[in-house]
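Worksheet for the structure shown next.
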Amino acid sequence: MMILMTYSISKVLLGILLTSITLLILVIAYKKLLAYFGKGNPNKADYCVLYSLEGEVASGELEIYFTTETPKSVTIELLNEDFSFNREITQRDVTQGGHIVRFDSTVLSNGYYYYCLRSENQKTMKKMYVENR
């Protein structure tokens with residue numbers, strides 16, 4: 001009786017060990033596969049990150065914030081709700097780090113707009129609702 005219990009417990013432990021090893025091999029193979037297919041992805045350091053404006057309604061002086069990991073030339077534009085060009089807010093060369101561009105929204109009528117950041121390799125935009133009281 002004691003021999004049968006020992007045999008079955010060792011068999012269960014062996015099964016758990018083999019299952020764990022199999023799962024470990026599958027996880028390693030999955031990571032290698034992800035690394036292989038991710039080789040052609042663009043470098044995130046080459047792109048700016050444009051942040052949304054705080055709050056739901058924009059009014060008065062707006063602070064448009066973006067970050068970049070490399071120095072580059074950027075243009076920030078304002079687009080109408082139908083994505084047509086409204087005006088250029090700024091065009092400048094920026095250094096690495098975070099940057100704030102201030103814009104007076106009182107020159108705009110109430111409604112939806114997009115602010116767009118352009119650089120030599122990207123164009124990104126965020127939507128905002130302007131309501132000047």
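Using 0.36 nm per residue and subtracting the Cα-Cα separation, the extra length available between TYR51 and ASN86 on full extension is 10.6 nm. Which one of ASN41, ASN110, ASN80 has the biggest mean-square fluctuation once the chain is modelled by GNM with Cα springs under 10 Å? Of the options given, ASN41 has the highest mean-square fluctuation. Distance between the pseudo-spin-label points of LEU26 and SER8 (7 Å out from Cα toward the beta carbon): 2.7 nm.
Say the cut-off is 29 Å between C-alpha atoms; which of LYS39/LYS72; LYS72/LYS127; LYS44/LYS127; LYS39/LYS127; LYS44/LYS126 go over it?
Values: LYS39/LYS72 24 Å; LYS72/LYS127 23 Å; LYS44/LYS127 22 Å; LYS39/LYS127 32 Å; LYS44/LYS126 19 Å.
Those over the limit are LYS39/LYS127.
In the chain, Cα pairs under 8 Å separated by at least six residues give a relative contact order of 23 percent. A Gaussian network model of the chain, with springs between Cα atoms under 10 Å, assigns the largest mean-square fluctuation among LYS44, LYS123, LYS32 to LYS32.
For the chain, adding -39500 (n - 2.57) for each run of n ≥ 4 DSSP H residues and dividing by the number of residues yields -10000 deg cm²/dmol at 222 nm.
Full extension from TYR114 to ILE100: what is 0.36 nm times the residue separation minus their Cα-Cα distance, to one decimal in nm? Mind showing how you got there, number by number?
On the way: separation 14, 0.36 × 14 = 5.04 nm, distance 1.66 nm.
Taking 0.36 nm per residue and subtracting the Cα distance, the gain is 3.4 nm.
When a/c reaches 1.5 or more, the comparison of a/b and b/c decides; with that in mind, is the range 49-115 rounded, prolate or oblate per its Cα gyration tensor? Judged from the Cα gyration tensor, the range 49-115 comes out prolate (a/c at least 1.5, a/b above b/c). With a ≥ b ≥ c the root eigenvalues of the C-alpha gyration tensor of the chain, is it rounded (a/c under 1.5), prolate (a/b larger than b/c) or oblate? Taking the square roots of the gyration eigenvalues as a ≥ b ≥ c, the chain is prolate.
Computed from the coordinates by the stated procedures, all read-outs in this text should not be read as laboratory data. Worth saying up front: this structure is predicted, and the values here are computed from it rather than measured. In this analysis, Cβ positions are derived from the backbone assuming ideal geometry, glycine residues included, and neighbour counts consider all displayed protein chains.
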